[in-house]
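Below is one structure, written out as structure tokens; the observations come after it.
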Amino acid sequence: MKLAPHLHRLGNDIVASYLVDLPEGITLVDAGLPGHWRDLHRTLDEIGRPLSDVRGLVLTHGDGDHIGFAERLRRETGVPVFIHAADAHRVRTGEKPKTPMGPARVGPTLGFFAYGIRKNALRTPHVAEVREVADGDVLDLPGAPVVIAMPGHSPGSIAVHIPAADAVFVGDALTTRHVLTGRVGAQPAPFTDEPAEALASLDRLAAVTASWVLPGHGAPWHGSPADIAAAVRASA
């Protein structure tokens, strides 16, 4: 789905990843679920770009519903996969701490897991090789993505600011649709390792200038990072 010039979403409000389309090439942010591989190819066909135009994939963190087609892309094309050093072990092994499930409703929860099954979530491969990044790095990829550390959901959670797309991609630093309750609107994301730390990280997001804030779950936020950070805090 095209959101704006240069800016496209793969997936839907249940699980989403993003594609930034620039003359010098394509940068991907997150890789959704394995079944989103077809969504990637469909979007590339729609914009008339070959897979070989993809220059890099930046992961906002290492959870399974964000790394879906990452290893396939890396293995089949050699495209580098970037992730914060603190989540590198998670993305290579799948090892992560158990977190409380929190509030849930039967319908949305079943819908989330059913969608995952349809998109092959049970067969998500780990990423064998990654390039580790750190807070403040500017990546040598189309759009010059800027890494912003957002620890809390996971130790290595990041936001990715791409000024050329006027967008900041936040992964699970927040959500606009709770996958387990179905509640819509800006709010903290479920399955967060350290909720208090995640809320504190919103200060870093609020300092970014962008017109789009794009989460891994829920509708795109067309508004300022400062406003959505305030809305998440108000709902916590």
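Of the DSSP beta bridges with both residues in the range 117-224, give the percent that are antiparallel, rounding to the nearest 5. Write out the running numbers ahead of the final one.
Values: 12 of 16 bridges.
Roughly 75 percent of the DSSP beta bridges within the range 117-224 come out antiparallel.
Under 1.5 on a/c is rounded, so check that first for the chain, then, if it is not, pick prolate when a/b is larger than b/c and oblate when it is not; a ≥ b ≥ c are the square roots of the alpha carbon gyration tensor eigenvalues. Please report the intermediate quantities before stating the final value.
Numbers: a/c = 1.34, a/b = 1.18, b/c = 1.13.
It comes out rounded by the Cα gyration axes.
List the GluC sites (Glu not before Pro) in the range 121-222 that DSSP assigns to loop (not H, G, I, E or B) and whose Cβ has at most 15 other Cβ atoms within 10 Å. Which are they? Mind dumping the intermediate values first?
Values: sites: 129, 132, 197; in loops: 129.
Loop-located and lightly packed - 129.
Counting pairs of alpha carbon atoms under 8 Å apart in space and at least six apart in sequence, what relative contact order in percent does the range 1-126 give?
Details: 195 pairs, mean separation 30.2, N = 126.
Relative CO of the range 1-126 lands at 24 percent.
Just the accessible area for residue 89, please: 1.4 Å probe, Å², rounded to the nearest 10?
Here the residue's solvent-accessible area equals roughly 100 Å².
Is the C-alpha gyration tensor of the range 133-236 telling us rounded, prolate or oblate? Criteria: a/c under 1.5 is rounded; beyond that, a/b larger than b/c is prolate, otherwise oblate.
On the way: a/c = 1.80, a/b = 1.38, b/c = 1.30.
Prolate.
Hey, which aspartates and glutamates would be in cross-link range of residue 2, C-alpha to C-alpha under 16 Å, not counting anything within fewer than 8 residues on its own chain?
Filter leaves 13, 21, 39, 45, 46, 166.
Would you please state which residues of the range 127-142 a label at residue 49 would reach in this model, taking the label point 7 Å out along Cα→Cβ and a backbone N cut-off of under 11 Å?
Only 142 fall inside the zone, counting backbone N under 11 Å.
With an 8 Å cut-off on Cα pairs and a minimum separation of 6 or more residues, tell me the relative contact order of the chain in percent. Walk me through the numbers before you get to the answer.
Values: 571 pairs, mean separation 44.3, N = 236.
About 19 percent, as a whole number.
Setting aside same-chain residues fewer than 8 positions from residue 96, which aspartates and glutamates have a Cα under 13 Å from its Cα?
Straight-distance partners of residue 96: 63, 87, 193, 194.
What whole-number value in Å² describes the accessible area per residue of the range 1-107 for a 1.4 Å probe? Before the final figure, lay out each step's value.
Details: 4480 Å² over 107 residues.
I get 42 Å² per residue for this part.
For the range 74-132, what relative contact order do you get, as a whole percent, if you take Cα pairs closer than 8 Å and at least 6 residues apart?
Details: 29 pairs, mean separation 36.7, N = 59.
Relative CO of the range 74-132 lands at 62 percent.
Provide the FRET efficiency to the nearest 0.05 for the residue 196-residue 131 pair, computing r from the beta carbons and using R0 = 35 Å. Don't skip to the end; give the middle numbers.
Values: r = 30 Å, r/R0 = 0.85.
With R0 = 35 Å, the Cβ-Cβ based efficiency is 0.70.
Please give the FRET efficiency for residue 105 paired with residue 140, using the beta carbon to beta carbon distance and R0 = 35 Å, rounded to the nearest 0.05. Don't jump to the answer; show the numbers that get you there.
Numbers: r = 44 Å, r/R0 = 1.25.
Efficiency for this residue pair is about 0.20.
Compute the length gained on full extension between residue 2 and residue 164: take 0.36 nm times their separation in residues and subtract their Cα-Cα distance, giving the result in nm to one decimal.
On the way: separation 162, 0.36 × 162 = 58.32 nm, distance 1.52 nm.
Length gained between residue 2 and residue 164: 56.8 nm.
Report the full-extension gain for the segment residue 211 to residue 95: residue separation times 0.36 nm, less the Cα-Cα distance, to one decimal in nm. Before the final figure, lay out each step's value.
Numbers: separation 116, 0.36 × 116 = 41.76 nm, distance 3.47 nm.
Net length gain for the segment: 38.3 nm.
What FRET efficiency comes out for the pair residue 77/residue 122, r = Cβ-Cβ distance, R0 = 35 Å, nearest 0.05? All intermediate terms of the calculation are to be shown ahead of the outcome.
Numbers: r = 24 Å, r/R0 = 0.69.
So, using R0 = 35 Å, E works out to roughly 0.90.
The values are calculated or read from the model by the stated rules, or taken from the named source; none is laboratory data. Given the structure is predicted, the values throughout are model-derived calculations rather than measurements. With ideal geometry, Cβ positions are generated from the backbone for all residues, glycine too; neighbour counts draw on all protein chains shown. These accessible areas exclude ligands, DNA and RNA; they are computed on the full protein's heavy atoms, side chains included. Shrake-Rupley method; radii C 1.70, N 1.55, O 1.52, S 1.80 Å.
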